[in-house]
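Here's the structure, in structure tokens; my notes come after.
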Amino acid sequence: MWAVDGDGCFQMTNQELATCVINNIPIKVAIINNSSLGMVRQWQTLFYNERYSNTDLHTSVGSRVPDFVKLADAYGCVGLRCETPEDVDETIRQAMAVTDRPVVVDFVVHRDAMVWPMVPAGVSNDAIQVARDTAPQWDREESEAIEQDTDADHDGQ
């Protein structure tokens, strides 16, 4: 079983590792670590003209705040860090090989990595964005959607 968290989210729930260790639950946790409070930073990027306030965790190469590998070790878990796309498969293999205790994997991503889909603040869920400045077309009639999909299929032949 895998749990996937951002680094800010994981900081609010990491004490549950104690429960997993005490009860022999060998969960795997993938932390998507952009060294900031990612959801807040993403909103500040998209909706507040990049006016960043209190989202940077001041992490730099050689300095991790917090160091999730050390935190995992403190709880009695295995801690791994993956810093390059080339190492993802091997890091996941290492995590999957551990079956007797929890594993925390710190996947380091770019500071501006974003999570999609998302719903902006203060709007209904039908205003969901699936990528930057991109939203589904909800107002299409079913027959119109089928026609457009069929046209797209014919264009590709």
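Here the residues Trp2, Trp43, ranked from fewest to most Cβ neighbours within 10 Å of their Cβ, fall in the order Trp2, Trp43.
Cβ crowding within 10 Å ranks Cys20, Cys9 as Cys9, Cys20, fewest other Cβ atoms first. Using the Cβ-Cβ distance between Glu50 and Glu16 with R0 = 30 Å, the FRET efficiency computed as 1/(1 + (r/R0)^6) comes to roughly 0.35. Our estimate of slack between Asp67 and Asn125, defined as 0.36 nm per intervening residue step minus the Cα-Cα distance, is 17.4 nm.
Computed extension length for Trp43-Met96: 15.7 nm, one decimal, from 0.36 nm per residue of separation with the Cα-Cα distance subtracted. Of all DSSP beta bridges confined to region 1-132, the antiparallel ones make up roughly 15%. A Förster radius of 30 Å combined with the Cβ-Cβ distance from Asp89 to Ala3 puts the calculated FRET efficiency at roughly 0.95.
Where a number appears in this text, it was derived from the coordinates with a stated rule and is not lab data. The structure presented is a predicted model; accordingly, all values stated were derived computationally and were not measured. Heads up, the Cβs are rebuilt from the backbone with ideal geometry, glycines too, and the neighbour counts pull from every protein chain shown.
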